[in-house]
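First the structure, in the form of structure tokens, and then the observations on it.
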Amino acid sequence: QVQLVESGGGLVQAGGSLRLSCAASGRFFSIDAMRWFRQAPGKQRELVATITSGGSTNYADSVKGRFTISRDNAKNTAYLQMGSLGPDDTAVYYCRVTSGGRIYWGQGTQVTVSS
């Protein structure tokens, strides 16, 4: 079992930055891919960024060049550095990890960007 705790969300002005963290704990052998999703009000949840266990990354077109996903395997933690934030980035951000063939979700952290 893997428990995920996200942190780092909050209110930021347009053009600002935030860094989200997703810490995994529990009993597991390894964490495979780590992903960040987001869900804005009235919209479907969308994949924002992925990082594999080997460090390969992939981003949604809407965040390329502005967001950076990283991970610290020693801490079982993923990060999402977000920059040049705009109102369209307002959403609940969720961390999702794969471990032992199972998928685990965090509880989400709210990011609100004011214009």
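When ligands, DNA and RNA are left out and all protein chains stay put, how many square angstrom of accessible area per residue does segment 1-67 have with a 1.4 Å probe?
Working: 3900 Å² over 67 residues.
Accessible area per residue, segment 1-67: 58 Å².
Starting from 0.36 nm per residue, how many nanometres of slack lie between Thr57 and Val5 once their C-alpha separation is accounted for? Please list the in-between numbers first.
Working: separation 52, 0.36 × 52 = 18.72 nm, distance 2.11 nm.
Taking Thr57 through Val5 to full extension adds about 16.6 nm, to one decimal.
I want to make sure I understand the PRE zone here: with the label point 7 angstrom from the Cα of Ala14 toward its beta carbon, which residues in segment 47-85 have backbone N atoms less than 19 Å away?
So the set is 62-64, 66-67, 82-85.
Given points 7 Å out from each Cα along the Cα-Cβ axis, report the Asp72 to Arg27 separation in nanometres with one decimal.
Here the answer is 2.6 nm between the modelled labels.
Quick check: at a probe of 1.4 Å, how many percent of the accessible area of the chain sits on carbon and sulfur atoms? Each step should come with its number before you reach the end.
Details: 2850 of 6140 Å².
Ligands and nucleic acids excluded, carbon and sulfur give 46 percent.
The values are calculated or read from the model by the stated rules, or taken from the named source; none is laboratory data. Not measured: the values here are computed from a predicted model. Note: ideal-geometry Cβ built from the backbone for every residue, glycine included; neighbour counts use all protein chains shown. In case anyone asks, the SASA skips ligands and DNA or RNA and just uses the protein heavy atoms, side chains included. Shrake-Rupley method; radii C 1.70, N 1.55, O 1.52, S 1.80 Å.
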